1. Kindly put 12, 22 in sequence by how many other C-beta atoms sit within 10 Å of each C-beta, fewest to most.
2. Based on other C-beta atoms within 10 Å, arrange 28, 59, 248, 86 from fewest to most.
3. Starting from the 7 Å offset along Cα-to-Cβ, what nm value, one decimal, do you get for the label separation of residue 217 and residue 205?
4. Starting from 0 in steps of 10 Å, tell me what percent of the Cα-Cα pairs of region 1-59 lands in each bin.
5. Going by how many other beta carbons lie within 10 Å of each one, how would you line up 216, 184, fewest first?
6. Where a ≥ b ≥ c are the square roots of the eigenvalues of the C-alpha gyration tensor, would you call region 74-191 rounded, which needs a/c under 1.5, or, failing that, prolate if a/b is larger than b/c, or oblate?
7. Sorted from largest to smallest, which semi-axis lengths in Å does the alpha carbon gyration tensor of region 2-244 give for its equivalent ellipsoid, taking the root of 5 times each eigenvalue?
8. Is the shape of region 93-158 best called rounded, prolate or oblate, per the rule: a/c under 1.5 gives rounded, else a/b larger than b/c gives prolate, else oblate, with a ≥ b ≥ c the square roots of the Cα gyration tensor eigenvalues?
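FYI, it's all coordinate maths here, none of it is from the lab. Since this is a predicted model, take the numbers as computed values, not measurements. Counting neighbours? That spans all protein chains shown, and the Cβs are built from the backbone with ideal geometry, glycine included.
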Ligand code: AMP
């Protein structure tokens, strides 16, 4: 079974991003970029399925500029067999990404497509769902456990108030939650070996003629600064302050 895993290059989750002075966007000049954390879970799950003898080939794919090669090399170092860069000079939003992934799925015919549940830069949480809909494949989103038997995937997913278990007919789209697994540590020799592996590059325009953004970013602003907290000596003092200073009726 072939598995396709989508990996996005995002600002490292440890970085505190700043808004540009003109409010046009966040400033990512010189900022550390990494593989989207949920996509590491997706790659890890694919590798575990290969180790169990269920998967035969893992293809990692990223959409973006040539700089996205670094996250593909990370995926190769973890254990992916092949890497594909769908190159686009311009930013591609979730619907465009889903359309490009659909074209690659039609070309590669994987039985399972794994994505992260969301990218930590846009927090959209849309691409897997849109891809499932465009392909008309069953989808299991926010997966915290995945089992593959014959031509079915059993997916445990996190929902409000607990978990839900679904059975999907393959081919299917699954998006990974952090609880799915603990991604393996990438060893330096594996990273060095991954640097020598080829990365297939496809121009985005050869896969779709309709992946341009439909959203325009108008303005970005810092959240308002929080007021410093104070300590009160008793519940009655707290209630009094809420009444007189915050105008709350208790
Ligand atoms: P989003 O819908 O933007 O929150 O992204 C959800 C998931 O879609 C990510 O965790 C990735 O698996 C995949 N994805 C989104 N954008 C890209 C991209 N540019 N390249 C590869 N995968 C992507």
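1. 22, 12
2. 248, 28, 59, 86
3. Taking the simple label geometry, residue 217 and residue 205 are separated by 2.4 nm.
4. 21, 34, 22, 16, 7, 0
5. Listing 216, 184 from fewest to most nearby Cβ atoms yields 216, 184.
6. Rounded, because the longest to shortest axis ratio a/c is under 1.5.
7. 35, 24, 19
8. Oblate shape, in that a/c is at least 1.5 and b/c is the bigger or equal ratio.
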